[in-house]
């Protein structure tokens with residue numbers, strides 16, 4: 001049900017999206033000349049979609065985020081895997097398990113409480129500043145580097161801008177993860193912010209797709225956009241790039257808040273040893 005509500009929020013956020021898959025000079029000029037009309041329509045839709053945003057925010061931020069966070073913290077309390085514990089056996093394991101239990105209880109009860117509080121805070125944030133549940137496909141090793149410190153590696157040379165890529169469709173993320181037999185899906189709440197469809201960008205910027213992601217990112221950020229929306233004509237899907245100029249470097253951003261990691265080979269949610277990084281209270 002809530003997956004459908006997430007799709008409904010996405011579809012009604014810009015109901016004219018199917019008309020913008022290709023660059024249309026007439027539409028581009030109309031958008032440029034009558035920019036106030038789409039703004040008025042979006043404002044009306046923003047008000048109408050408030051109940052759906054609230055329901056999605058409660059479900060994903062409190063229930064989904066809370067459920068998998070609880071699983072990770074309880075697992076670490078009773079079946080610790082951090083640091084040297086995962087290599088210990090026998091009496092040595094039993095001694096350190098018992099000796100470290102009070103510290104693990106305090107640490108993970110505090111972290112779990114902080115994550116619950118963050119979820120409640122972002123119910124309000126996501127209701128006011130629209131967020132969607134989206135997917136990022138990557139290798140399992142990369143997901144560990146993402147979930148533990150809560151940081152993302154900004155890619156370089158990307159087709160539709162330098163930044164961090166997400167999709168609303170799981171199949172898109174599966175493609176970038178290497179298919180169902182390999183990699184993982186990182187599911188996250190994503191606050192896209194100000195979004196520009198590349199078909200509405202100036203011609204020289206539009207022609208930079210597939211060749212100069214840096215140019216797209218610099219232009220987008222200069223125009224106060226935070227995300228680029230792009231229809232991949234060759235693949236038949238939408239992609240979203242959260243713009244960032246720090247190519248090849250890790251970044252932390254409140255706009256991306258990890259819910260869980262799914263192993264594509266097993267179909268199961270990955271246990272994040274020690275729990276995933278806090279969204280805000282780092």
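The values are calculated or read from the model by the stated rules, or taken from the named source; none is laboratory data. All figures in this text were calculated on a predicted structure; none of them were measured in a lab. In this analysis, Cβ positions are derived from the backbone assuming ideal geometry, glycine residues included, and neighbour counts consider all displayed protein chains.
Criterion applied to 258, 272 was being under 20 Å from residue 146 (Cα atoms), touching a strand residue (DSSP E or B) at 6+ places or on another chain (Cβ under 6 Å), surrounded by 15 or more Cβ atoms within 10 Å (Cβ to Cβ) and in contact (Cβ under 8 Å) with a residue 40 or more places away in the chain, and the one residue passing it is 258.
For every residue, the table says whether it meets (1) touching a strand residue (DSSP E or B) at 6+ places or on another chain (Cβ under 7 Å); (2) over 23 Å from residue 228 (Cα atoms).
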{"position": "115", "(1), (2)": "no, yes"}
{"position": "123", "(1), (2)": "no, yes"}
{"position": "131", "(1), (2)": "yes, no"}
{"position": "134", "(1), (2)": "yes, no"}
{"position": "141", "(1), (2)": "no, yes"}
{"position": "149", "(1), (2)": "no, yes"}
{"position": "154", "(1), (2)": "yes, no"}
{"position": "159", "(1), (2)": "no, no"}
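Within segment 18-28, the set of residues being surrounded by 15 or more Cβ atoms within 10 Å (Cβ to Cβ) and in a helix (DSSP H, G or I) comprises 20, 27, 28. Of all the numbered requirements in (1) farther than 23 Å from residue 6 by Cβ; (2) within 17 Å of the chain's Cα centre (by Cα), residue 175 misses one, and that requirement is (1).
Within segment 231-255, the residues that satisfy the criterion of being surrounded by 12 or more Cβ atoms within 10 Å (Cβ to Cβ) and either more than 30 Å from residue 276 (Cα to Cα) or free of Cβ contacts under 8 Å to residues at least 60 places away in the same chain (or both) are 231, 232. Of all residues in segment 38-85 being closer than 30 Å to residue 96 by Cβ and not in a helix (DSSP H, G or I), which is modelled with the lowest pLDDT? Top of the filtered list is 82.
Restricting 188, 194, 201 to residues that are farther than 22 Å from residue 65 by Cα and surrounded by 18 or more Cβ atoms within 10 Å (Cβ to Cβ) narrows the list to 201.
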